[in-house]
Amino acid sequence: MFSLNAALKMAWLNYKERMHFYFVANKIIDDNEKLPMFLSSVSPTIFALLQNLFAPKELRDATTTFIAVVEALDKHFDEHSNILSSTYEFYLCLQKPGQTAAEWIATLRSKARLCGFSTSSLKDKPIDRALRDMLVLGTNDGKARSELLRAGDPSLEEAEKIIRTCEQLRQNISKFDKPSSSGSLATVKKIVKKSDDVRNRKATWTKGKGGTDKGPPRDKCKHCGYKNHASAECDFRDASCYACGERGHIASICRRPAQNRAGPRDVPKPYNKKGNQYQVEQFGPSVK
């Protein structure tokens with residue numbers, strides 16, 4: 001598919017050819033006769049374009065010539081056409097299913113007219129032209145291809161510089177995606193955030209045995225009253241209370257009213273903690 005500028009340029013080239021044969025057929029040689037006939041037959045779009053190209057001078061000015069008008073349109077469409085873009089489209093123009101060879105060749109010839117094969121800055125350097133065109137066709141860097149197409153009609157050296165510059169830029173950008181020796185910025189932020197979260201959680205933790213942090217807040221253990229472990233894991237879950245004598249809790253959290261509690265002398269102390277083990281104590285005074 002042609003771009004709009006390419007289509008307009010093709011339309012202009014076709015129209016210019018037709019006007020040439022019209023003048024020849026009607027034996028119109030004088031440019032003073034060609035100009036009014038040309039201006040009266042162009043489309044409103046081209047006429048408005050010519051008015052803009054010659055502004056502030058009027059087209060009817062006596063100094064406006066047919067040759068000047070044609071050169072102005074040639075220059076305009078040459079500047080707004082892209083040789084590399086047209087060449088890219090030319091080399092991608094493959095024969096379509098059902099398209100005859102004659103139709104395909106005609107399409108190729110039409111597209112070739114916009115490729116500047118005879119007017120490009122590399123028209124006398126076919127090898128350089130072929131290499132430059134292949135840089136556009138073969139690169140896998142979309143950014144480099146865009147820069148090449150934007151350049152219009154660069155030399156081979158300029159095209160190679162564009163390719164290398166884009167490659168170096170891509171490599172430099174990729175370095176920011178790799179973590180450095182101290183970690184990437186994203187990793188550092190993640191570590192800092194995690195540290196802040198831990199610090200905030202610790203601020204609300206309740207001290208366990210020995211004044212050490214045991215974790216986030218828990219409900220009090222029903223056997224000993226501490227919060228640093230679950231009730232099912234308590235070492236005192238089978239202990240007997242020194243205050244009431246019941247099993248399953250210790251005296252410091254006994255809920256029986258004081259007046260209903262048995263005195264210390266009336267209640268045996270069957271367990272004594274040594275390390276993580278319990279052993280039965282002797283009940284009553286020792287016998288000597």
Here the qualifying pairs (Cβ atoms under 6 Å; residues six or more apart or on different chains; first in segment 144-171 and among the β-branched types (Val, Ile, Thr); second crowded, with 16+ Cβ neighbours inside 10 Å) come out as Ile162/Glu147; Ile162/Leu148; Ile163/Leu135; Ile163/Ala144
Listed residues Leu49, Leu8; which is of a type in the set (A, V, I, L, M), modelled with pLDDT under 85 and closer than 30 Å to Leu149 by Cβ? Leu8
Every residue in segment 132-181 that is surrounded by 12 or more Cβ atoms within 10 Å (Cβ to Cβ) and of a type in the set (Asp, Glu), please. Asp133, Asp141, Glu147, Asp153, Glu158, Glu160, Glu167
Identify the residue in segment 220-253 that is assigned to a loop (DSSP other than H, G, I, E, B) and aliphatic (A, V, I, L, M) and, among all such residues, is surrounded by the fewest Cβ atoms within 10 Å (Cβ to Cβ). Ala230
Would you pick out the residues in segment 100-116 that are out of contact with any helix residue (DSSP H, G or I) (no Cβ under 8 Å at 6 or more places or on another chain) and assigned to a loop (DSSP other than H, G, I, E, B)? Thr100
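The values are calculated or read from the model by the stated rules, or taken from the named source; none is laboratory data. The shown structure was predicted, so the numbers you read here are calculated from the model rather than taken from an experiment. No Cβ is skipped: glycine too gets one built from the backbone with ideal geometry, and neighbour counts run over all protein chains shown.
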